[in-house]
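The values are calculated or read from the model by the stated rules, or taken from the named source; none is laboratory data. Please read these numbers as outputs of a predicted model, since none were measured by experiment. With ideal geometry, Cβ positions are generated from the backbone for all residues, glycine too; neighbour counts draw on all protein chains shown. What goes into the accessible areas is simple: the full protein's heavy atoms, side chains included, and nothing from ligands, DNA or RNA. Shrake-Rupley method; radii C 1.70, N 1.55, O 1.52, S 1.80 Å.
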Amino acid sequence: TAIPTEEPVVSNPLAVSNLQDVRRATIRIQAQGSFVDPEFGEMLNTAGQGSGFIIDESGIAVTNNHVVTGAAFLQVFVEGERTPRNARILGVSECSDLAVIDIDGSGYPYLEWREGPIDVGLDIYAAGFPFFGNEEYTLTRGIISKARVIGETNWASVDRVLEIDATINPGNSGGPLIDADGRLVGVNYAGNDTT
């Protein structure tokens, strides 16, 4: 008689499973066109930079709507590559300030969503590429200071947001908010010095 055992969980080697590898799935997005930026208002015929993250090895990525909507030209920089890749917008939600894009190519490292509660005091990290022209990946550390904050602003109508004390700068928009295991907790979308 044999004792049944559980099937081993086979994880995809492209799925990020630690904090150090998050940078491999975090992207820098440069867009040219006309945008409505939450901090600077309407910007015509300009270039902007934001962040994003890959959620599927086929090149599907998430960012903020305000990073890509209005872009006539969209370039994505992937970790370890000097040449940008083209991407196309698959869908947007203006109210949620979210966008899904498809990056040319496949075989990308990607992030997975955290399972379990997201409570006050959870250690989190904000990843991305702040400030226009910055090519250097940054990672700031903090905690969730409020787990249920109203997200109504003049550019989005988000039912609930997380208030964190990790630094979010312009250009971090659309980047991943992750836990200590490199799992997605949320999407960075606004900085507010008063909170």
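The set of residues from the range 16-32 being open to solvent by 10 Å² or more (accessible area, probe 1.4 Å) and either under 19 Å from Gly105 (Cα atoms) or among the charged types (D, E, K, R) (or both) comprises Asp21, Arg23, Arg24, Arg28, Gln30. Restricting the range 42-70 to residues that are surrounded by fewer than 21 Cβ atoms within 10 Å (Cβ to Cβ) and hydrophobic (A, V, I, L, M, F, W, C), the residue that is nearest to Pro109 (Cα to Cα) is Ile55.
Taking the range 144-186 as the range and being in a strand (DSSP E or B) and modelled with pLDDT of 95 or more as the test, the residues that pass are Pro176, Leu177, Ile178, Leu184, Val185. Go through the range 81-96 and report how many residues are surrounded by fewer than 18 Cβ atoms within 10 Å (Cβ to Cβ), part of a strand (DSSP E or B) and touching a Ser or Thr at 6+ places or on another chain (Cβ under 9 Å). Final tally of qualifying residues: 1. Please verify whether Gly48 is outside any strand (DSSP E or B) and in contact (Cβ under 8 Å) with a residue 24 or more places away in the chain, treating the condition exactly as stated. It is false that Gly48 is outside any strand (DSSP E or B) and in contact (Cβ under 8 Å) with a residue 24 or more places away in the chain.
Within the range 103-151, can you find the residues that are among the aliphatic types (A, V, I, L, M) and either under 16 Å from Pro176 (Cα atoms) or touching a residue at least 24 places away in the same chain (Cβ under 8 Å) (or both)?
Ile103, Leu111, Ile118, Val120, Leu122, Ile124, Ala126, Ala127, Leu139, Ile143, Ile144, Ala147
Each row is one residue, and each column tells you yes or no for (1) within 15 Å of the chain's Cα centre (by Cα); (2) under 17 Å from Gly175 (Cβ atoms).
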| residue | (1), (2) |
| --- | --- |
| Asn65 | yes, yes |
| Gln75 | no, yes |
| Glu79 | yes, yes |
| Asn86 | no, no |
| Gly91 | no, no |
| Ala99 | yes, yes |
| Asp102 | yes, no |
| Gly107 | no, no |
| Tyr110 | yes, yes |
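Could you pull out the residue among Gly41, Gly59, Gly50 that is modelled with pLDDT under 95 and at positive phi?
Of the residues listed, the single one that is modelled with pLDDT under 95 and at positive phi is Gly41.
One residue stands out in the range 97-117 among those that are touching a strand residue (DSSP E or B) at 6+ places or on another chain (Cβ under 8 Å), open to solvent by 50 Å² or more (accessible area, probe 1.4 Å) and not in a strand (DSSP E or B): the one that is farthest from Arg148 (Cα to Cα), namely Asp104.
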